[in-house]
Amino acid sequence: MGRLSQAQLRRLTAVHGWSGVVLGLLLYAVIATGTVAVFAGEIGRWSAGGVRAADPLEAPIDAAIRSAAAGVDAAYLDDVGIWAGEGRDVYAFFHTRADNPETGEPDDLGTILRLDAASGDVLGRDDGFVWSHPSAWDGSALRRFLVDLHVQLYMPGPWGLIVTGVLGLAMMAAVVSGLLMHRHLLRDLFVAERAGGRLVSARDRHVLAASWSLPFALVLAFTGSFLSFAGTVGFPLLASIAFGGDEEAMSAALFEPPVPEDATPAPLASLDAILADSRTRASGPVTYVEVAHFGRADARVHVWHDPAQGGMLYVTNLYDGAAGAFLGRQPQVGTADSVGGTLYGLMYPLHFGHFAGIVSRIVWGALGVSLCFVTLSGLRLWVRRRAGGAVWDGFGRAVDIVAWGLPLAMLASAWGYFLSAPAADPFLWTPWSFVAGAAAAIAVGVSARDRGSLEARYGRLLGVACVGLPLLRLAVGGMSWADAILHRQPDVLTIDLLLLLAGAWLLRRGRVAGRLAVEAAE
């Protein structure tokens, strides 16, 4: 790459800086919540507290599904979705398509049952347009809220997805401009921080973290934008151009192989035998099962598997529902394998790190923390270069409030979840607790006389919130550590210990920061 002129470098610096200033705080929110969402499965099992010796879909489910199918409206046998809950429970959603009077759009109408995987007993039932009742299909309001917060900033669709897509584009602009500005990228990977508390020392830390995070940031930004815009812009545009606006016809053409219609009644083949055969063809665990036209001759069974160990792509095996015969592997998109389909299938695992088990998620989580630091340190560098004006000083305080306030609000949502779970609706109080935590964080930041005392204040608040959360979980009837060890539930013990360690570190950091702030004031 040729050497940039001073004028070009100034323009790139402006693009890099202003793209961060304009959308930097929202971008930080998306990255921080995404770092948490990487561990959504672990958070769900920790918060719900169900005992799971093995994945419920590994146990026989055929008898339970048949019994459940006999007790629902025959019209709802058009499509059946089956997935595992947090403990030993299995969800079975029997549904068809109908216009939702609340939205005026086609939606899934049916009956969802929560079943005990071992006994087949019905543990819960909900009827109607159930996607508007998350308590019917998700065992953890905390996980659901944190995932929605990352994916669409808890905004109504499709606007939340559009906003996160735009933020992904802004992140790509910052990454590309930052890459072009690095005249000595390899050297910057090993830059040492220069002594002293000068601006140049802060810049060294920013450059070091950014240099190591650049490839990950580019992957995260591109895949995030793709996932946000695919459903809100890409597929609707394709449906409008190629299918006359019929999104169901587009979905059938892209994701479902054509099947000659045959409504002749025919018993469904054994689901247990189908799942057993599917496991011999894909080594990743089964995550979702779909039965189309349950009880008909043209029934089809799709079995979704997580990526295999060392693999990157989700696997979908297709079976004849009446005969139980294997029909082949369903491509990611379309009716035949393609480069485009493979790239499409890589988007989700690359974005969330779901391709090498807990190891890849830990790596993605650590890189997410690094990107949070890069975003915040870049914003603070921009503010420090313009120190002295009321507007920039106010923006600097806003950066501090959001930097500390967002994790405080997420911890507050967890507090609200556990406090409301025994007797109230956690799907209502979890987001409201986030709002309360955000309001408290803003009040603390605005009321402080100077920015120097904010780190001490927020450190103490975050420390108390972290240390108290495992104690609250136990106090409201959560799984004890003894039961977690006895039943081999590592998520419960691991997250509790991490919160206690983080809380102790934050309390110590807050105490040290408070002492330094007092000494500086004197």
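The values are calculated or read from the model by the stated rules, or taken from the named source; none is laboratory data. Because the structure is a prediction, the values reported are computed rather than measured. Positions of Cβ are backbone-derived with ideal geometry, glycine not excepted, and every protein chain shown enters the neighbour counts. SASA here: full protein model, heavy atoms, side chains in, ligands and nucleic acids out. Shrake-Rupley method; radii C 1.70, N 1.55, O 1.52, S 1.80 Å.
General observations
- Some residue of segment 105-126 being open to solvent by less than 40 Å² (accessible area, probe 1.4 Å), in a loop (DSSP other than H, G, I, E, B) and within 18 Å of TRP83 (Cβ to Cβ): yes
- Looking only at residues in segment 501-522 that are open to solvent by less than 80 Å² (accessible area, probe 1.4 Å) and in contact with a Lys or Arg (Cβ under 8 Å, 6 or more places away or on another chain), the one that is modelled with the lowest pLDDT is GLY514.
- Boolean, PHE243 is surrounded by 15 or more Cβ atoms within 10 Å (Cβ to Cβ), among the hydrophobic types (A, V, I, L, M, F, W, C) and over 29 Å from GLY321 (Cα atoms): no
- Single residue of segment 270-282 satisfying the filter (aliphatic (A, V, I, L, M) and open to solvent by 20 Å² or more (accessible area, probe 1.4 Å)) that is farthest from ASP298 (Cα to Cα): ALA276
- Selection count, segment 283-316, where residues are open to solvent by less than 10 Å² (accessible area, probe 1.4 Å) and touching a residue at least 40 places away in the same chain (Cβ under 8 Å): 3
- Tally of residues being assigned to a helix (DSSP H, G or I) and either surrounded by fewer than 23 Cβ atoms within 10 Å (Cβ to Cβ) or not hydrophobic (A, V, I, L, M, F, W, C) (or both) across segment 49-64: 5
- Verdict on PRO101 being open to solvent by 40 Å² or more (accessible area, probe 1.4 Å), more than 30 Å from GLU58 (Cβ to Cβ), modelled with pLDDT of 90 or more and not in a helix (DSSP H, G or I): yes
- Top-ranked residue of segment 75-98 - restricted to ones that are free of Cβ contacts under 8 Å to residues at least 60 places away in the same chain and out of contact with any Gly (no Cβ under 8 Å at 6 or more places or on another chain), ranked as most open to solvent (accessible area, probe 1.4 Å): ALA75
- Filtered residue count, segment 381-392, keeping only those that are in a helix (DSSP H, G or I) and either open to solvent by less than 80 Å² (accessible area, probe 1.4 Å) or modelled with pLDDT of 90 or more (or both): 4
- Meeting the requirement of 1 or more residues that are within 22 Å of the chain's Cα centre (by Cα) and surrounded by 19 or more Cβ atoms within 10 Å (Cβ to Cβ), the helices (runs of 4 or more DSSP H) wholly within segment 412-500 are 426-447, 454-475.
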